[in-house]
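First the structure, in the form of structure tokens, and then the observations on it.
The values are calculated or read from the model by the stated rules, or taken from the named source; none is laboratory data. Note that the structure is predicted; figures quoted are calculated from it, not measured. Here the Cβ positions follow ideal geometry from the backbone for every residue, glycine too, while neighbour counts run over all protein chains shown. With ligands, DNA and RNA removed, areas are computed over all heavy atoms of the protein, side chains included. Shrake-Rupley method; radii C 1.70, N 1.55, O 1.52, S 1.80 Å.
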Amino acid sequence: MDGVRGHALLLPFPAQGHINPLMQLAKILIANHFVVTFVNTDFIEKRLNNKSSEYMSFQSFPDGLPPEHGRTLKLPELCESLQKHGPFHVENIVEKIMQSLRVPPLTIIVADGVFSFTQQIADKFGVPRVAFWTTSACGFSAYYYMPLLIEQGYIPLKDDSGSCKNDVISCIPEMEALRVKDLPSFLTVTDAEDYMFQYLLREAQNTHQASLVLLNTFQELEGPVLRDLNAKFGNKVLSIGPLLLSSACYGDLIADTKSSIWNEETSCLEWLDKQQESSVIYVCFGSIAVLSDEELVEFAWGLEASNQTFLWVIRPDLVRGSSAVLPGEFLERTKERGFFVAWAPQIKVLSHPSVGGFLTHSGWNSTIESISYGVPMISSPFFAEQPTNRRFVDDVWKVGYEMRENVLREEVEALVRKLMNLGEEQGREMRFRLKILKERAVASVKVGGASYKNMQDFLRQMQMKMKIGN
Ligand code: UDP
């Protein structure tokens, strides 16, 4: 292991949208001569089944839940169990690495932003902790400003009536466009003791203890919010994204490493090859969102009425309490222009020339992937900070249209028609803005770009810490 600059432990929250960006970071670290230990829960690792190599080893620990537990489908229980069991197991893993003569000692712990329990472990072993929030900067900012939102009486909500949902929030710097309904869903509850409300409140504030904060975004997209966060965090916040673009610079470096917890159905790429340029709308609601039967049916008939060719990801667990069943008549009527998969190779889909639009739940990875490939969106958020992303997609970056909370087939139809109509003026402007943003995203991760500089800064600091330690 000649020339190794350091050893990083990477610890994502056990969900697809957290594993992907940390895996992309792992690739960049390895390319820059760091050894990586990637730590998953046993549940995730069993599905990935990755083999350790000289530069990347995989370790896992039990999340404390029985095999049949829904995990991300019961998020508060998963978070609570990880808070309870994570510290003991992660400390054990760190201790074993520090005692091992076969691998270099850890020089850094890069843990998910919602795992601040790692601070105590990092302190005990004299290793810096970096908090990686896998959210947008605007999403993180909403969590960070919870104390102010509480003080100003916006949250918790006074009642469930929804009467305040359009109230404009004016107290979060650089987020003037926000309405109460655009706040992350964990914040818009009526009970101040709600588990996720308290969890996010605590985790966001604990971020102050970290040596650095990483965000998978870029200066040219979220500059004002990043500047404000940096003022609050003493310039410790580094935007290093889009990581999918920077990691792509290193080709097939860890090609045999799996990060997808579902099997990718590549048949859709061959189908896309046969479609016309920009003619397909890609429909996908990420890895966690769950629809009601009614919502599924509204999306389906909206797509049917739009007359548009579509590729739709229907996970087996997409519909609440049962497996997704689409109406037979809908399937019959769309058989010439609809293609369904249980899980798509999303990055390849979004970068395919046949894809002209994305009907998305606005998870942060999906959003930044769409921006990175210049694909305009229809934003139909479900939970977490997806509503905040929707607001920025629609109102600030103007790279997509927002869909209202209640899914209605008429709205689905109208928005799909509008988004996919290449001659429509608003859409043309949107595509032009996306072309510029895409160029800026690429430039940001290349030598001289802001994300590139931040990444180099991060790598230098990791190495420096190692030298001090030695
Ligand atoms: N993804 C994928 N194939 C699919 C659906 C999703 O590869 O069929 C990936 C997608 O590219 C993204 C991640 O899964 O990187 C989902 O993360 P996101 O933050 O968008 O949403 P979440 O699943 O966390 O709600």
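All of (1) of a type in the set (Lys, Arg); (2) within 23 Å of ALA289 (Cβ to Cβ); (3) part of a loop (DSSP other than H, G, I, E, B) hold for LYS181 with one exception: (3). Taking LEU157, is it surrounded by 13 or more Cβ atoms within 10 Å (Cβ to Cβ), farther than 27 Å from SER239 by Cβ and not small (Gly, Ala, Ser)? For LEU157, the condition - surrounded by 13 or more Cβ atoms within 10 Å (Cβ to Cβ), farther than 27 Å from SER239 by Cβ and not small (Gly, Ala, Ser) - is met. Checked against (1) surrounded by 21 or more Cβ atoms within 10 Å (Cβ to Cβ); (2) over 20 Å from SER259 (Cα atoms); (3) aliphatic (A, V, I, L, M), MET98 meets all criteria but (1). Within the bounds of region 293-308, is there any residue that is aliphatic (A, V, I, L, M) and assigned to a loop (DSSP other than H, G, I, E, B)? No, region 293-308 contains no residue that is aliphatic (A, V, I, L, M) and assigned to a loop (DSSP other than H, G, I, E, B). Just one of (1) within 16 Å of the ligand (Cβ to nearest atom); (2) surrounded by 21 or more Cβ atoms within 10 Å (Cβ to Cβ) fails for VAL319. It is (2).
Residue-level check: of (1) of a type in the set (A, V, I, L, M, F, W, C); (2) within 16 Å of the ligand (Cβ to nearest atom); (3) open to solvent by less than 10 Å² (accessible area, probe 1.4 Å), VAL39 misses just (2). None of ALA324, ALA300, ALA289 is at pLDDT below 95, touching a Pro at 6+ places or on another chain (Cβ under 9 Å) and open to solvent by less than 40 Å² (accessible area, probe 1.4 Å) except ALA324.
The set of residues from region 233-277 being within 16 Å of the ligand (Cβ to nearest atom), outside any loop (DSSP other than H, G, I, E, B) and within 29 Å of ARG460 (Cβ to Cβ) comprises LEU243, LEU244, LEU245, SER246, SER247, ALA248.
Looking across region 278-292, the residues that are more than 11 Å from the ligand (Cβ to nearest atom) and either closer than 30 Å to VAL36 by Cα or in a loop (DSSP other than H, G, I, E, B) (or both) come down to SER278, SER279, SER292.
I need the full set of residues from region 196-212 which are in contact with a strand residue (DSSP E or B) (Cβ under 8 Å, 6 or more places away or on another chain), buried (at least 21 other Cβ atoms within 10 Å of the Cβ) and not small (Gly, Ala, Ser), in order please. Those that are in contact with a strand residue (DSSP E or B) (Cβ under 8 Å, 6 or more places away or on another chain), buried (at least 21 other Cβ atoms within 10 Å of the Cβ) and not small (Gly, Ala, Ser): THR207, LEU212.
Of all residues in region 1-21 being within 10 Å of the chain's Cα centre (by Cα) and not β-branched (Val, Ile, Thr), which is nearest to PRO76 (Cα to Cα)? The residue in question is ALA15. Beta carbons closer than 6 Å, at least 6 apart along the sequence or on distinct chains, pair a first residue in region 350-372 that is on the phi > 0 side of the Ramachandran plot with a second that is assigned to a strand (DSSP E or B) and more than 8 Å from the ligand (Cβ to nearest atom) for SER362/SER379. In the set (1) within 26 Å of ILE368 (Cα to Cα); (2) away from the ligand (no atom under 13 Å from the Cβ), the condition left unmet by GLU304 is number (1). Suppose the filter is free of Cβ contacts under 8 Å to residues at least 60 places away in the same chain, assigned to a loop (DSSP other than H, G, I, E, B) and away from the ligand (no atom under 16 Å from the Cβ); does ASN230 pass it? When the stated conditions are applied, ASN230 does not pass them. Taken over region 326-350, the residue count meeting the criterion of being more than 16 Å from the ligand (Cβ to nearest atom) and within 14 Å of TRP301 (Cα to Cα) is 11. Selection of region 366-381 for residues being within 8 Å of the ligand (Cβ to nearest atom) and surrounded by fewer than 23 Cβ atoms within 10 Å (Cβ to Cβ) yields only GLU369.
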